[in-house]
Every structure is written in C-alpha cells, then in structure tokens.
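Comments concern the structure below.
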Amino acid sequence: MPDVTRARHGRPVHHWRRDVVELAALFTAVAVADAVANLIGHGPDGPALLVVSAVVLAATAVFHVWWSRRHTHAPPVSDTGARPTAETRPAGPSGQPAVCETGGVLWRMRTTVKDEPGSLAALCAALAERRVDILSLQTHPLAAGTVDEFLLRAPGPLTAAEITRAVALAGGTATWIERADAHDLVDVPTRVLGLAARTALDTAELPLALRQLLGRCTIRSLPGAPAGGGRGPQPVPVEGILEDTVMRLPAPEGGVLTVERPYLPFTPTEFARARALVELDGRLGPRIPDGHDVLTLPEGNDITVRRVDTGDLAAARAMHERCSPHTLGLRYHGPVGDADRYLNHLLSPRFGRTLAAQTASGKIVGLGHLLWDGDETEVALLIEDEWQRRGIGTELLGRLVALAAEAGCASVYAVTKASNTGMVAAMRGLGLPLDYQVEEGTLVITARLAPAPVSTAPRVQPPHLG
C-alpha cells in the first residue's frame, strides 16, 4: 500500500522514495521465488536452494520493516513549515497559545479588493501560506471595491516586497505597507475615544490627534484673517471637502483646516472620523488644562511657569511694550511694528502651545512658543530685557522640547539671527544633536529628538508642565 500522509491543508502528499523501495522489495521476492522454483524443478540441489531462498526473503522483510519505522507517516517540520503544537507553545494570558515575539515584525498594510464573496478569504489564505498573522482588520467600503487595512505580524526574514507580491497574486491592488509598532495594537474604537478625550481637555491637541488618527500626514490651519493682512483661504462648506489625498474642513475658530497625506488616499470612513473630531473640538471651544509650576531662580526670585492662550493677550502685549527694539528684532527677525499681528496667532492653542514665565505679581516676563508648522515643529522664545540671562529661557525651552517629544515630533527648529547668542546657547544646552543652517544672517537650528511614546489615555489635571 503506498505511503500517503496529509499536509496542513488536508491535501494528500505521496512519499515516492518509500513506494520505490516497496516495489523493489516486491520484485526481488518474485524473482527469487521464480528462480527457486526453476532450480528445484530442474536440479538435484533443491532443498539447499529452498533454504537459501527463505533466508533471502527473511532479509528482505527485515529491511522493509526497518525502512517503514525510520520513515513515519508524520511529515517532517522542515518540509511543511509546521509550527509547534499547542502543547509545546507557551500559553497566553487567556489560555490561548501566545504568539512568539522572536523574529516577528509588525506591519501596517492597506490594500483594495473586489467587493465580492471570497475576495477577503483569498487574501487571508495567501498571508497564512507565508506564516503571516493577522492581528486586526478594518474594512473601508468604497463605491467600487473595499479597502482592507491590516495589522500584521510576519516572520523576520519576510520582506515588505514579498508580502506585497503575495497580496497582489491574491487579488489585492493599490497596496501600501509600512512598519508598525506596539501602539498600533490598540483597537480603533479605543484609540478614537482616547483621542477624543485628549482633544476635550486641550485645544492644542487637535492637530496631534488628527495625525495619530490618520497616520503620517501634514496638517495646516489657515486662519480666516491672516496675521499679515490680505485675503484668507477660500471657505469650505460645513460638511467639508474630500479630494483623494487631501481633506479640507472648516476650522473651529474660522478659516480652513487642511489635512494632506502623500500617496495614500483618504477613505470616506477616515474623512467621517476626522470631521467628527473637528466638530467635537469646535463645540467645546478654546480651552487649556490647568496646572503650573513655581520655580526659584538662582538669585532667589520665584517664577511661575504655566500654559497661556489668547485670554492672556493683554499681559503678553504689555510685555512686548517693555521689551527693547533689539530684543524684539532678535525674536521676529526684523523690525516689529504692531505686536497684535503676531500675538493673537502665537497665543492661540489652535496653532501650538505657549508657556509663560510669570512673576508673583502676575506680570509675564517670558514667552515660549511651540508651533505646529505642517509636519514640522518650531520653537521660539522671547524674554523681557531685565529678566534675560537668569535661566528663564533655558527652562522654557526645555519644557517646550519635552512637549514636542511627548507629541511624537522627530525634531524641532528655531529661527533667529546669527547674532542671537542667547538662543544658540539655550539650544546647545539641550544636549541634543543639532544642525545649523545660516543664510543671509538668518540662523536655523534644528534639534533631533527621540520621541517619547504618546499615550491615548486622557490626561486630567497634570501636576506639572514638563
């Protein structure tokens, strides 16, 4: 009987080597029997030949038994790629076998399949054949077809090109794939609720929440009345506009909020989520979390550091009036005529975060700005003349950089004059890798950060701002 085993998918697998051995043994036995019969019938040595034939047949039987035991019916792991059984794998917290982390790589993948029965099943089967685990799946229905978004764990040696090729052979089109991390293991409803809670507590969280919701994208907020004068952006309808890789939404404070993502079109589902988050922000109105720190300067003065917004415009304008033209020129890279053109924009939490250093009497003597500039982040400082070189600028800058790292920014940059030795010293004091670019007296210093993990959990009443 030929040896037949079954692979993982139930299909029979024939081991041809064993069949050949069995056939050879059978032919040998027949040949020996025929020779013995002829010799016994035509010669005088019949009994001796009968004994020899019995020995040969016994030897053949022994060899057959040895071969059968050596090659069992179980397929070898090296041939099938079979994983260890559930009994040999470590158990997870819920009693299910735990997925092995060694050599596994997390991937985020998006592909478009036909909207017909069996399309998704074929895609999953193609991934399973390459030992790729599907950790989560989202479907985005379109007018023609369906966009499926996967979180995958693949064997380490398997490349993105190999995964994409397998998906294409299974019917997937317009496939996009990139590395993922542990933060992507959070399911979408939990992530959206966490981002909504963060946005509810802080106006400045809206662009960060959108970026975490939609992935790698550029977000720009264009005010309805630009600070420098001139015409504002073309208004968009209340329901917003979705155009392939660009979405435009009415900004809560007026103007237009533009979200752009290279190469990867937005789906109607993503557009609806972003619109809901922006609507929530608009209904809650401007807000910043409470919290402040009291610092003691080397000479003994106490300074309070806290978040400020447009409600502190009058105190910030008064500080500008006390600053010398030289100090304002270093901050704004030239003559400053009307500070109101800048301050209302700079203090708005829609465009970033602002920290203020305030004396015990309530007078603001220093401002530090963290500004969302598309997919980049700018830091800027202004310290009143009488309070310079006391460590206030260094303190504000360190806290701003910590906020940028918490927001997941890869770098921050400062634009100033090459003669602004105070800003240069403050940036060097961060202890981070710095890049310098000088053009026509303007100095751009970029600090590369190591972004801290960003939690989606709501933060209530932080005890400090750092």
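The values are calculated or read from the model by the stated rules, or taken from the named source; none is laboratory data. Treat the numbers as computed from the prediction; the structure is a model and nothing was measured. All Cβ positions, even for glycine, are placed from backbone atoms using ideal geometry, and neighbour counts span all protein chains on display. We work out accessible area using only protein heavy atoms, side chains counted, and drop any ligands, DNA or RNA first. Shrake-Rupley method; radii C 1.70, N 1.55, O 1.52, S 1.80 Å.
A compact table of results
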| read-out | value |
| --- | --- |
| The range 248-374: relative contact order as a whole-number percent, Cα under 8 Å and 6+ apart | 20 percent |
| Integer Hz, Karplus 6.51/-1.76/1.60 couplings in order for the range 273-285, x for Gly and Pro | 5, 5, 5, 5, 5, 5, 5, 4, 4, x, 5, 7, x |
| Computed E for Ala272/Glu129 - FRET, C-beta separation, R0 25 angstrom, nearest 0.05 | 0.10 |
| Distance between the range 368-389 and the range 138-180 - C-alpha centres, whole angstrom | 42 Å |
| Magnitude of the charge dipole, the range 385-435, Cβ model with Lys/Arg +1 and Asp/Glu -1, debye to 20 | 120 debye |
| The range 394-437, accessible surface, carbon-and-sulfur percent (1.4 angstrom probe) | 51 percent |
| In sequence order, calculated HN-Hα J values of the range 162-171 (Karplus, 6.51, -1.76, 1.60; Hz; x Gly/Pro) | 5, 5, 4, 5, 5, 5, 5, 5, 8, x |
| In sequence order, calculated HN-Hα J values of the range 257-266 (Karplus, 6.51, -1.76, 1.60; Hz; x Gly/Pro) | 9, 10, 10, 10, 10, x, 6, 10, x, 6 |
| Residue among Leu195, Leu222, Thr258 farthest towards the positive dipole end of the range 167-270, charges placed on Cβ | Leu222 |
